[in-house]
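The values are calculated or read from the model by the stated rules, or taken from the named source; none is laboratory data. Computed from a predicted model, the values in this text were never measured in an experiment. Neighbour counts are summed over all protein chains in view; Cβ atoms, including those assigned to glycine, are modelled from backbone coordinates with ideal geometry. Surface areas here come from the heavy atoms of the whole protein model, side chains and all, with no ligands, DNA or RNA. Shrake-Rupley method; radii C 1.70, N 1.55, O 1.52, S 1.80 Å.
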Amino acid sequence: MTSVEGTPAAAAADDESVPLTEAEQELVERAWDVIAATLGRAPEDLELEARLVEDLGCEDEALANIATMLELELAVDGLYEEVEDWQTVDDVLESVLYCADEAPNDAGSGDTAASA
């Protein structure tokens with residue numbers, strides 16, 4: 001696996017064993033920055049396998065803030081429902097990718113109907 005010294009997108013791609021698209025890499029990198037900023041840390045201080053509660057000291061309110069900021073900054077819906085499943089930074093990034101993957105399908109069909 002790629003060490004966390006590389007970009008978070010590269011590490012996430014290795015974890016999934018499926019290369020991320022350029023758009024997914026950009027989304028993961030933006031999410032990484034939002035997570036770090038919300039926790040008041042430098043992005044380079046985060047690690048993919050860092051446990052949110054034990055290593056980063058996140059309480060329920062901090063997890064809710066992360067979900068809220070990610071939804072606002074990345075225009076991704078559904079993250080708030082994923083918070084209970086988050087154990088690591090990687091879990092958060094996986095949720096971002098999952099929720100973002102779901103959103104374009106819904107938004108795309110709505111945009112097409114609106115423009116028709």
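Could you please find all residues in segment 44-71 being under 25 Å from Ala23 (Cα atoms) and either out of contact with any helix residue (DSSP H, G or I) (no Cβ under 9 Å at 6 or more places or on another chain) or in contact (Cβ under 8 Å) with a residue 24 or more places away in the chain (or both)?
Leu46, Glu47, Leu48, Glu49, Ala50, Asn65, Ile66, Met69, Leu70, listed by residue number.
Is one or more of the residues making up segment 96-116 in contact with a strand residue (DSSP E or B) (Cβ under 7 Å, 6 or more places away or on another chain) and either more than 17 Å from Ala23 (Cβ to Cβ) or modelled with pLDDT under 95 (or both)? Spell out how you get there, then give the answer.
Taking segment 96-116 first, the residues in contact with a strand residue (DSSP E or B) (Cβ under 7 Å, 6 or more places away or on another chain) are none.
Checked against the condition, which is being in contact with a strand residue (DSSP E or B) (Cβ under 7 Å, 6 or more places away or on another chain) and either more than 17 Å from Ala23 (Cβ to Cβ) or modelled with pLDDT under 95 (or both), segment 96-116 yields no hits at all.
Could you list, in sequence order, all residues of segment 17-64 that are open to solvent by 30 Å² or more (accessible area, probe 1.4 Å), closer than 18 Å to Cys99 by Cβ and not in a helix (DSSP H, G or I)?
Val18, Thr21
Going through segment 77-101 one residue at a time, which ones are small (Gly, Ala, Ser) and under 14 Å from Ala64 (Cα atoms)?
Of all residues in segment 77-101, those small (Gly, Ala, Ser) come to 78, 95, 100.
Scanning segment 77-101 gives Gly78, Ser95.
In segment 82-95, is there at least one residue being at pLDDT below 95 and assigned to a loop (DSSP other than H, G, I, E, B)?
no
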